[in-house]
1. Answer yes or no as to whether A:Ser73 is away from chain B (no Cβ under 14 Å), buried (at least 17 other Cβ atoms within 10 Å of the Cβ), at negative phi and not hydrophobic (A, V, I, L, M, F, W, C).
2. Can you go through B:Thr109, B:Thr82 and tell me which one is more than 27 Å from A:Gln6 (Cβ to Cβ), at pLDDT 95 or above and hydroxyl-bearing (Ser, Thr, Tyr)?
3. State whether the residues of the range A:48-59 include one that is facing another protein chain (nearest Cβ under 9 Å), polar (S, T, N, Q), in a loop (DSSP other than H, G, I, E, B) and over 21 Å from B:Gly58 (Cα atoms).
4. Go through A:Cys23, A:Cys91 for me and flag whichever is within 12 Å of another protein chain (Cβ to nearest Cβ), open to solvent by less than 50 Å² (accessible area, probe 1.4 Å) and of a type outside the set (Gly, Ala, Ser).
5. Kindly indicate the residue of the range B:77-101 that is surrounded by fewer than 16 Cβ atoms within 10 Å (Cβ to Cβ) and in a loop (DSSP other than H, G, I, E, B) and also farthest from the other protein chains (Cβ to nearest Cβ) among those meeting that condition.
6. Restricting the search to the range B:11-59, which residues are within 12 Å of chain A (Cβ to nearest Cβ) and open to solvent by 40 Å² or more (accessible area, probe 1.4 Å)?
7. Would you say B:Gly63 is over 20 Å from A:Gln39 (Cβ atoms), free of Cβ contacts under 8 Å to residues at least 40 places away in the same chain and surrounded by 13 or more Cβ atoms within 10 Å (Cβ to Cβ)?
8. Is it true that A:Leu17 is assigned to a loop (DSSP other than H, G, I, E, B) and surrounded by 12 or more Cβ atoms within 10 Å (Cβ to Cβ)?
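The values are calculated or read from the model by the stated rules, or taken from the named source; none is laboratory data. In this text the structure is predicted, and so the values were computed from the model without any measurement. Neighbour counts run over all protein chains shown; Cβ positions are idealised from the backbone, glycine included. Calculation scope for accessible area: heavy atoms of the full protein, side chains included, ligands and nucleic acids excluded. Shrake-Rupley method; radii C 1.70, N 1.55, O 1.52, S 1.80 Å.
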Amino acid sequence: GDSVTQTEGLVTLTEGLPVMLNCTYQTIYSNPFLFWYVQHLNESPRLLLKSFTDNKRTEHQGFHATLHKSSSSFHLQKSSAQLSDSALYYCALSDRMDSNYQLIWGSGTKLIIKP
Amino acid sequence: EAAVTQSPRNKVAVTGGKVTLSCNQTNNHNNMYWYRQDTGHGLRLIHYSYGAGSTEKGDIPDGYKASRPSQENFSLILELATPSQTSVYFCASGEGLGGKDTQYFGPGTRLLVL
């Protein structure tokens, strides 16, 4: 079945360094929809960005990601980490089930930014 | 911004007892979801609904029931709570726009089953 893989369970970085969180997916559908959700401590997940277009960069709140269908990837990047970026990040794939869609969630990557 | 509320926010239950978690959304979204979140497992879908009167099983439905009596309300019921159901439960809603749908989460309910 469809799946999402986030290889890093924990990423620890120093403030100011670039961020890259990996996300790869498997799906039988040729037009996948990919999402990044962020969850800060003691909060609920919220959408960070989403993309449906191959090779198009999507940006929001300083983060960006590009859907690459050729490599089935949707990595999350930021040029310079801030302390406030410390959070749990989920990559998710929209999967068609019956006549509706559901999200297939990755296991999440905890990002810790240190001063 | 979608508004999703959950009650209670914290709950302590006894093993074998009945627990009802409630969710309300005020944005007329068609779809609603119940997830649990545990360290090491991420978000796991328990039940979901496409509209009033409909409930569907998610990935881990065993031990849980769901009820969608109206567009706004979606409940998760644990008939016989067990310690393994100790977790944080999130309700979410979505417009039902197909694959592009954004899910909006409630604040979560922390459930402890003793």
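1. Values: away from chain B (no Cβ under 14 Å): yes; buried (at least 17 other Cβ atoms within 10 Å of the Cβ): yes; at negative phi: yes; not hydrophobic (A, V, I, L, M, F, W, C): yes.
In short, yes.
2. Details: B:Thr109 fails: more than 27 Å from A:Gln6 (Cβ to Cβ).
Being more than 27 Å from A:Gln6 (Cβ to Cβ), at pLDDT 95 or above and hydroxyl-bearing (Ser, Thr, Tyr) holds for just one of B:Thr109, B:Thr82, which is B:Thr82.
3. Kept after step one, since they are facing another protein chain (nearest Cβ under 9 Å), are these residues of the range A:48-59: A:50, A:52.
Now restrict to residues that are polar (S, T, N, Q): none.
Scanning the range A:48-59 turns up no residue that is facing another protein chain (nearest Cβ under 9 Å), polar (S, T, N, Q), in a loop (DSSP other than H, G, I, E, B) and over 21 Å from B:Gly58 (Cα atoms).
4. Numbers: A:Cys23 fails: within 12 Å of another protein chain (Cβ to nearest Cβ).
The match here is A:Cys91.
5. So, considering only residues that are surrounded by fewer than 16 Cβ atoms within 10 Å (Cβ to Cβ) and in a loop (DSSP other than H, G, I, E, B), the one farthest from the other protein chains (Cβ to nearest Cβ) is B:Leu80.
6. If the condition is that a residue be within 12 Å of chain A (Cβ to nearest Cβ) and open to solvent by 40 Å² or more (accessible area, probe 1.4 Å), then B:Asn30, B:Thr39, B:Gly40, B:His41, B:Arg44, B:Tyr50, B:Glu56, B:Lys57, B:Asp59 are the ones that fit.
7. On the way: over 20 Å from A:Gln39 (Cβ atoms): yes; free of Cβ contacts under 8 Å to residues at least 40 places away in the same chain: yes; surrounded by 13 or more Cβ atoms within 10 Å (Cβ to Cβ): yes.
So B:Gly63 passes the test.
8. Values: assigned to a loop (DSSP other than H, G, I, E, B): yes; surrounded by 12 or more Cβ atoms within 10 Å (Cβ to Cβ): yes.
The answer is yes for A:Leu17.
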